[in-house]
Every structure is written in C-alpha cells, then in structure tokens.
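Contents: one structure, followed by commentary.
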Amino acid sequence: MAEKIKEKSRIISQEKIAGDVYSMWLDSEQITKNAKPGQFISVFSRDGSRLLPRPISICEINREQNALRIVYRVVGKGTSEFSGLTKGSEIEIMGPLGNGFPLERMEEGKKAFLIGGGIGIPPMVQLAKELKGEKQAIMGYRDELFLTEELDNYAKVYIATEDGSEGTRGNVLDAIKENGLTADVIFACGPTPMLRALKSYAEENDIECWLSLEEKMACGIGACLACVCQSKELDEHSQVHNKRICKDGPVFLSTEIEL
C-alpha cells in the first residue's frame, strides 16, 4: 500500500452539483500520484474544536494536472464548512487511504457491474475510467441525479430512482432485473441495506462481489477501532471477528464479511 501523505492542498474549483452534493477539485501531486479507485482521503477542518477529519472517497484522479476530485454530501458541521470554501483556499488533507478496488479481477472478456447508491456513486467514476472490460454502471438515486454524464463516458449507465422519475422505479437490483443484465464481477459502494442485498444476490448467482463499505471513521489509519465490520476471520490487531474499515477496507470481498 502506498505511503499516506498529509499536506496542505489548494482548491482548484468547487461547485454544487445536486441539492446538498458538492464537487471539489484539489491540487495534490503526491496523493494523486499514488491514489487508486476506491481509496479515500481524510479532510481536516479549520476549526480547532473539530479534531477528527472527515473521510471522503476519491471520485476522480487527473494525474496529468496533479488534481483529484471529491464529491460529498453536506451532512454536518464539517462538510458544511467544506462546502463554503472557494477556489484558491487551502485545506489540509491526508491520503491515499484504504485499499481500493482490485482492478486485476477483471480479466479479458469479463463483464462487470459498477453499482453505486447515493454518495457511494462518486468512487465509481474513477473505477469506470480505469477498469478494463465491459462495464455496466447501475446507479441508485433517491431523487436528484449527479455524475451520470461522467459515468456515461466510460460505461453503459442504468439508473434507478425511488420515485421512478428517472430510469427504473425502485433500487439497483430492480434495474438489473428490468434490463436483463448479467455480470461476472460486481464492484459496489453505497448504504448498508444496498450492499447487504447485493451480497445475497452475488451469492445466489455465484458472482464475485467486492463491496466498499460506507461508515463513519475517526482516525482513518486503523488505530482507534471506531469503524469495524463483522468478519468471518479473526482480526490480527484486535483478536476478534472484525475488520477495520479504514485500514483493512473500505473494499472487501463480500464473502469475507457479514452485513
């Protein structure tokens, strides 16, 4: 795993792309050079009373311009602070963190599902850019769409919305069934109920499935045990049946974990 870097980064641009969803491009030569699809960065607040950073997944990587993109939803004081920053502002970040998606699992001739739900959609963009083979991106939204144009550049996009305003009415599995889609490998990120359903779907259909778990994290480096999921194997660090999402993940083979 590449060495993590903590640095001051300059904001190249920021814009609101949906109701409470923001897109920020950051200048970062070192992190950008080492980052992989599915990894994340920790973003630090300027407010000294908020000591813990916010983990945010990497959406896009532009190595030629030493830039990386994060797309995040405003859910509290920390992300609200980030949304108010403008071009040229500096912010402290650390990364790349986590293990990322195993791109080598897509052998020639295989088909993949890239499945994102809500704020689990952003990491699918860089994955779609780098993953080889036939890619089908199935994205689940509660209401307003975002990042569909970017995904459409690299994969065949299918959409599911809860109210049926776009694409399939229902969830990502409904979209898969409605469109008669099949795949050899699944790469997914999103809320736990979606990942739990995909884990069952993959096991029932004998499909290799890699899940990126969304969870509140504190240290981001595996020291505090604040973010754990239940695993089938003993964790060497804690000697219990769990995995540290920030350190051992956030991407896990679905058969290795319990949801």
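No value in this document is a laboratory result; all are computed from the given coordinates. The structure displayed is predicted, hence computed values, not measured ones. All Cβ positions, glycine included, derive from the backbone under ideal geometry; neighbour counts span all protein chains shown.
Considering only C-alpha atoms, what is the centroid distance from the range 125-146 to the range 1-50, in Å?
The distance from the Cα centre of the range 125-146 to that of the range 1-50 comes to 20 Å.
Counting Lys and Arg as +1 and Asp and Glu as -1, each charge on the Cβ, what is the dipole of the range 103-214 about the Cα centre in debye, to the nearest 20?
120
222 nm [θ] for the chain, helices only, -39500 (n - 2.57) per DSSP H run of 4+, per residue, to 500? Intermediate results must be reported in sequence, preceding the final value.
Values: 7 runs with 50 residues, N = 259.
The per-residue figure over the chain is -5000 deg cm²/dmol.
I'd like to know how the chain sits against the 2.2 N^0.38 Å rule of thumb: what's its Cα Rg over that expected value?
Normalised Cα radius of gyration, the chain: 0.97.
In nm, what is the difference between 0.36 nm times the number of residues separating LEU253 and ASP143 and their Cα-Cα distance?
Numbers: separation 110, 0.36 × 110 = 39.60 nm, distance 2.93 nm.
Full extension of this stretch gives 36.7 nm more.
Looking at the chain, identify the longest residue range that excludes and avoids all GluC sites (Glu not before Pro) in DSSP loops having at most 12 other Cβ atoms within 10 Å.
163-232
Give the residue list of trypsin sites (Lys or Arg not before Pro) in the range 54-136 that are DSSP loop and have at most 16 other beta-carbon atoms within 10 angstrom.
Sites meeting the loop and neighbour criteria: ARG63, LYS87, LYS110, LYS132.
Which residues in the range 78-107 place their backbone N less than 14 Å from a point set 7 Å from the Cα of SER13 along the Cα-to-Cβ direction?
87-88
Gap in Å between the Cα centre of the range 91-121 and the Cα centre of the range 166-210?
One Cα centre to the other: 15 Å.
So for the chain, averaging the separation of alpha carbon pairs under 8 Å that are six or more residues apart and normalising by length, what relative contact order in percent results?
Across the chain, relative contact order equals 17 percent.
Under 14 Å from the Cβ of GLU104, count the other residues' Cβ atoms, weight Lys and Arg +1, Asp and Glu -1, and hand me the total.
Here the count lands on -1.
Using the Cα centre of the chain as origin and beta-carbon charges of +1 (Lys, Arg) and -1 (Asp, Glu), tell me which of ALA160, ASN34, GLY109 is placed farthest towards the positive end of the dipole.
Of the candidates, ASN34 comes out farthest on the positive side.
Give me THR32, THR255 sorted ascending by neighbouring Cβ count inside 10 Å, so fewest comes first.
THR255, THR32
Say the cut-off is 19 Å between C-alpha atoms; which of LYS4/LYS33; LYS8/LYS87; LYS4/LYS77; LYS33/LYS110; LYS156/LYS177; LYS33/LYS135 go over it?
Numbers: LYS4/LYS33 11 Å; LYS8/LYS87 14 Å; LYS4/LYS77 25 Å; LYS33/LYS110 28 Å; LYS156/LYS177 15 Å; LYS33/LYS135 25 Å.
As for pairs spanning more than 19 Å Cα to Cα, those are LYS4/LYS77; LYS33/LYS110; LYS33/LYS135.
Taking the Cβ of each residue in LEU26, LEU151 as the centre, tally the other Cβ atoms inside 10 Å and list the residues starting with the fewest.
LEU151, LEU26
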